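**Q** One structure coming up, written as structure tokens, with questions to follow.
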Amino acid sequence: MENASTTDNPTWPPLLDVTRRPMVELLANGDTALARCTNRLIRSLDDPDGVISAFQNYAFQNLAS
Amino acid sequence: MIDRVSTEVVRAAQREAAAWPYRELDLARLRADGWHPTPIHDLILKVHQRCNLACDYCFVYTQADQTWRDRPAVMPDEVWRAAVASLGRHVRRHRLSGVRVILHGGEPLLYGVSRLGLLASELRAEMPAGCKVHIGLQTNGVLLNEKVIGSLRQHRIMVGVSVDGVEADHDRHRVGPNGRGSFAAVRDAIDLLRRPENRSIYGGLLCTVAPETDPIACYEQLRAFEPPMIDFLLPHANWERPPRRPAGTTTPYADWLVRVFDRWYDESDAISVRLFEDIITLLLGGGGQSEQVGLSPSAMVVVESDGAIEQVDSLKSAYDGACATGLNILHDDLDAALEDHGIVARQIGRAALSAHCLQCPVHQVCGAGHYVHRYRPGSGFRNPSVYCEDMRILIGHIRDRVAAEIRQRETEVVEAR
């Protein structure tokens, strides 16, 4: 299913299944967007306040989660 | 007694304007089912109601809600002190590990840096040890100079700047009262923020998407400012006032953002783009951190210059009074806001979505988009986003690109064995 182009397929599954992928594979290649987002996801597991939607009209990237 | 009457008047008006959430959300049922409110994490203080620019798309001055006219131009000291004290109690009661206070307007720098510094000092002193306090402001940049930036740095106040791409595009919308563009002043301000000694308070850039502009030129201009982060905002619109779409286009906002995404993704830029990183994180199964996508609870309230506790002011684009809760920081506790149906509706994830959205698999990522963009007169905020098709195209495209990269990495690992 993941090979199908989502723009042509109205029933595509939205989430990417990476459960069988080693984390190091997703974190490889340094400061790529995928590595940053994987890092963020991992950090969020440890956030005592949980992931919270932040105020949009303020430009700051919350790195805590 | 007067306050209770006022609150009831506000709630009656809200019930009339928006069936969801004000008539249809069953708070007692939610609580019975085990739901608990998320404490306030972002407190937005509208320290100054006026602005030194007159941007043509501004939701505060040019759209449905005109309540700014009836409020003090400058927030009195007693109002922000009441807000600081209330936030301190809120943090202690809920044992919060961190809060953000965002100084907003109008243009918050009109308040004066010495008063902003005093506010920041008293705020930090009021919060309990162990609570991380982030203080920031969002400015149009025109009043930022070396002295102002030095003072903000001294008080550890982060600075976000609003800039709409290249000079011609920026100056078309972001103009002063005399009609002259503000780009040159903003560029000078950002040049100061980029200096090594000031980078610690350089928060990032906000840019409103304009589909008639060149997306790559816009992105490259923002990138040249070397911000730690960029966010692209969709212009506020709803089903009554749909977004502007150039003739011959169906999803111009997605088309524009897709081009920017590809440039950003292909170049593996170290600059974060909040909207794109939120979507990728959501696609990986994580939570979103912004109002535009995802189902994370929204934990923010605004305190207006007269002390009114309100929802975020982007709601002003929906209808007159859309932000109102009827509460006031001079008399009411912040926890009272957690009882407001409008605030609750933004904390309950899937339960706030329309049947249409729940049938669509993309809702796990888009979260029905920005709450403001769901508004339809009468029914209220339980609708798909007016940007629904744009969001579906953008999210689908990002998913395709990320899935392809994951497959590529898998192939490289197999070949390396």
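The values are calculated or read from the model by the stated rules, or taken from the named source; none is laboratory data. Note that the structure is a prediction, hence the values are computed from the model and not measured. Please note: Cβ atoms are built from the backbone with ideal geometry, for glycine as well, and neighbour counts cover all protein chains shown. Only protein heavy atoms, including side chains, enter the accessible area calculation; ligands, DNA and RNA are left aside. Shrake-Rupley method; radii C 1.70, N 1.55, O 1.52, S 1.80 Å.
**Q** Would you check which residues across the range B:351-396 are more than 13 Å from chain A (Cβ to nearest Cβ) and charged (D, E, K, R) and list them?
**A** Matches in the range B:351-396: B:374, B:376, B:382.
**Q** Given the conditions (1) over 20 Å from residue B:281 (Cβ atoms); (2) touching a residue at least 40 places away in the same chain (Cβ under 8 Å), which single one is not true for residue B:415?
**A** For residue B:415, the exception is condition (2).
**Q** So residue B:184 clears everything in (1) open to solvent by 10 Å² or more (accessible area, probe 1.4 Å); (2) over 24 Å from residue B:214 (Cβ atoms) except one condition, right? Which one?
**A** (2) is the only condition that residue B:184 fails.
**Q** Can you report the number of residues in the range A:26-64 which are surrounded by fewer than 16 Cβ atoms within 10 Å (Cβ to Cβ), part of a helix (DSSP H, G or I) and at the interface with another protein chain (Cβ under 7 Å from one of its Cβ atoms)?
**A** Matching residues across the range A:26-64 total 0.
**Q** Go through the range B:289-348 and give me each residue that's among the hydrophobic types (A, V, I, L, M, F, W, C), over 14 Å from residue B:46 (Cβ atoms) and not in a loop (DSSP other than H, G, I, E, B).
**A** Within the range B:289-348, B:327, B:334, B:336, B:337, B:343, B:344 qualify.
**Q** Of these, B:415, B:410, B:405, which one is away from chain A (no Cβ under 12 Å), among the acidic types (Asp, Glu) and either in a loop (DSSP other than H, G, I, E, B) or surrounded by fewer than 23 Cβ atoms within 10 Å (Cβ to Cβ) (or both)?
**A** B:415
**Q** Of all residues in the range B:350-362, count the ones that are open to solvent by 10 Å² or more (accessible area, probe 1.4 Å) and either out of contact with any Pro (no Cβ under 8 Å at 6 or more places or on another chain) or modelled with pLDDT under 95 (or both).
**A** 7
**Q** Then there's this: Could you list, in sequence order, the residues of the range B:265-275 that are within 7 Å of another protein chain (Cβ to nearest Cβ) and either under 20 Å from residue B:238 (Cβ atoms) or surrounded by 24 or more Cβ atoms within 10 Å (Cβ to Cβ) (or both)?
**A** Of everything in the range B:265-275, just one residue is within 7 Å of another protein chain (Cβ to nearest Cβ) and either under 20 Å from residue B:238 (Cβ atoms) or surrounded by 24 or more Cβ atoms within 10 Å (Cβ to Cβ) (or both), namely B:274.
**Q** May I ask you to list the residues in the range B:260-288 that are part of a strand (DSSP E or B) and not aliphatic (A, V, I, L, M)?
**A** The answer is B:272, and nothing else.
**Q** Which residues, taken from the range B:240-253, are in contact with a helix residue (DSSP H, G or I) (Cβ under 8 Å, 6 or more places away or on another chain) and more than 12 Å from every other protein chain (Cβ to nearest Cβ)?
**A** B:241, B:243, B:245, B:246, B:249, B:250, B:252, B:253
**Q** Suppose we keep only residues that are closer than 20 Å to residue A:60 by Cα and more than 10 Å from every other protein chain (Cβ to nearest Cβ) within the range B:255-264. Which one would you say is surrounded by the most Cβ atoms within 10 Å (Cβ to Cβ)?
**A** Step by step, filter the range B:255-264, then rank; the result is B:257.
**Q** Could you please find all residues in the range B:210-228 being more than 10 Å from every other protein chain (Cβ to nearest Cβ), within 16 Å of residue B:264 (Cα to Cα) and surrounded by fewer than 23 Cβ atoms within 10 Å (Cβ to Cβ)?
**A** Within the range B:210-228, B:214, B:215, B:216, B:217, B:220, B:221, B:223, B:224, B:225, B:226 meet the criteria.
**Q** Criterion first (within 22 Å of the chain's Cα centre (by Cα), within 24 Å of residue B:103 (Cα to Cα), surrounded by 20 or more Cβ atoms within 10 Å (Cβ to Cβ) and touching a residue at least 12 places away in the same chain (Cβ under 8 Å)) does residue B:56 satisfy it?
**A** No, not satisfied.
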